[in-house]
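One structure below.
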Amino acid sequence: MSETKFENQPGWIDVFGPKVKPLTVADDEHSGYAVLLGVLDPGVVIPLHSHNDRETFYVLEGAIEGYSRDSWHPLGAGDVFDVPANTTHAWRNVSARQAKMLVVTTTRMGEFLQAIGRPATERTPPTPVDIGTFLTTAERYGYWLAPSPDNEAVGIFVE
């Protein structure tokens with residue numbers, strides 16, 4: 001895949017920096033899992049969090065770092081990063097290129113991402129309403145979001 005911004009096309013969801021495109025229908029009626037394509041632009045981070053949903057990531061392109069089990073793991077094309085349920089994890093793209101991944105997870109996680117995301121074609125920063133929706137939805141799904149000191153302890157600084 002080239003460096004074109006294909007993720008700005010319809011069907012892509014912006015989830016506060018990372019972008020995902022659902023490749024399967026995210027409901028239990030149609031499948032027992034969700035498959036998504038994910039993109040993290042240079043400098044994008046996903047702070048520490050955990051949830052009761054297993055996720056398996058297959059890196060298609062680029063270089064990225066995944067945090068799990070108390071350390072950062074450098075990943076490149078062809079690498080797999082498996083995150084068991086209830087495992088604290090995070091992501092950061094410290095490279096100068098986009099990182100693209102195939103994500104296999106639960107239908108519940110697919111529904112969550114669709115509930116918190118907005119069309120990636122929108123160019124405005126998240127509003128306080130968007131952030132409020134994210135926080136209340138995360139709480140409703142039982143997802144744990146690390147406080148700033150925990151993120152800073154592993155090298156993640158969020159505004």
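The values are calculated or read from the model by the stated rules, or taken from the named source; none is laboratory data. These figures come from a predicted structure and were not determined experimentally. All Cβ positions, even for glycine, are placed from backbone atoms using ideal geometry, and neighbour counts span all protein chains on display. All accessible areas refer to the heavy atoms of the entire protein, side chains included, with ligands and DNA or RNA removed. Shrake-Rupley method; radii C 1.70, N 1.55, O 1.52, S 1.80 Å.
Rg/Rh for the chain to two decimals, with Rh computed the Kirkwood way over all alpha-carbon pairs.
With Rh from the inverse mean 1/r over Cα pairs, Rg/Rh is 0.93.
Determine how many Å³ per residue the convex hull of the Cα atoms of the stretch 17-79 encloses.
Numbers: hull volume 7.0 nm³, N = 63.
Convex hull of Cα atoms, per residue: 111 Å³.
Determine, from the Cβ-Cβ distance of Val94 and Val35 and an R0 of 35 Å, the FRET efficiency 1/(1 + (r/R0)^6), rounded to the nearest 0.05. Intermediate values should be presented prior to the final figure.
On the way: r = 26 Å, r/R0 = 0.75.
For Val94 and Val35, the calculated efficiency is 0.85.
Express the carbon and sulfur contribution to the solvent-accessible surface of the chain as a percent, rounded to the nearest whole number, probe 1.4 angstrom.
Details: 4700 of 8230 Å².
Ligands and nucleic acids excluded, carbon and sulfur give 57 percent.
Mind listing the long-range amide H neighbours of Glu61? Cut-off is under 5 Å, sequence gap 5 or more, other chains count too, H placed in the peptide plane at 1.01 Å from N.
Lys100
From the helices alone, meaning DSSP H stretches of at least four residues, give me the mean residue ellipticity at 222 nm for the chain, per-run term -39500 (n - 2.57), in deg cm²/dmol to the nearest 500.
Counting only the DSSP helices, I get -5500 deg cm²/dmol.
What FRET efficiency comes out for the pair Arg118/Tyr58, r = Cβ-Cβ distance, R0 = 25 Å, nearest 0.05?
0.45
Full extension from Phe157 to Thr127: what is 0.36 nm times the residue separation minus their Cα-Cα distance, to one decimal in nm? Don't skip to the end; give the middle numbers.
Numbers: separation 30, 0.36 × 30 = 10.80 nm, distance 1.97 nm.
In short, 8.8 nm is gained.
Determine ³J(HN,Hα), in whole Hz, for all residues of the stretch 12-21 in sequence, where each value follows from phi through the Karplus function 6.51 cos²θ - 1.76 cosθ + 1.60 and θ = phi - 60°; x replaces Gly and Pro.
Each residue of the stretch 12-21 in turn: 8, 10, 8, 10, 6, x, x, 10, 9, 10 Hz.
Could you give the size of the charge dipole of the chain about its Cα centre, using +1 on the Cβ of each K and R and -1 on the Cβ of each D and E, expressed in debye and rounded to the nearest 20? Before the final figure, lay out each step's value.
Numbers: 12 positive and 21 negative charges, 49 e Å.
Here the chain has a charge dipole of around 240 debye.
If Lys and Arg each add +1 and Asp and Glu each add -1, what is the summed charge of the other residues whose beta carbon sits under 15 Å from the beta carbon of Val45? Show your work: numbers first, answer last.
Details: positive: Lys19, Arg92; negative: Asp14, Asp41, Glu65, Asp150, Glu152, Glu159.
Result for the neighbourhood of Val45: -4.
Show me, for the stretch 112-125, the HN-Hα J-couplings you get by feeding each phi into the Karplus relation (A = 6.51, B = -1.76, C = 1.60, θ = phi - 60°), rounded to Hz, glycine and proline as x.
4, 4, 5, 6, 8, x, 10, x, 5, 6, 6, 10, 9, x
Take the alpha carbon atoms of the stretch 84-159, find their center, do the same for the stretch 49-63, and report the distance between the two centers in whole angstrom.
When both Cα centres are located, 12 Å separates them.
When only DSSP loop residues count, what trypsin sites (Lys or Arg not before Pro) in the stretch 68-107 have their Cβ near at most 15 other Cβ atoms within 10 Å? If you can, show how the numbers build up before the last one.
Numbers: sites: Arg69, Arg92, Arg97, Lys100; in loops: Arg69, Arg97.
Qualifying residues, ordered by number: Arg69, Arg97.
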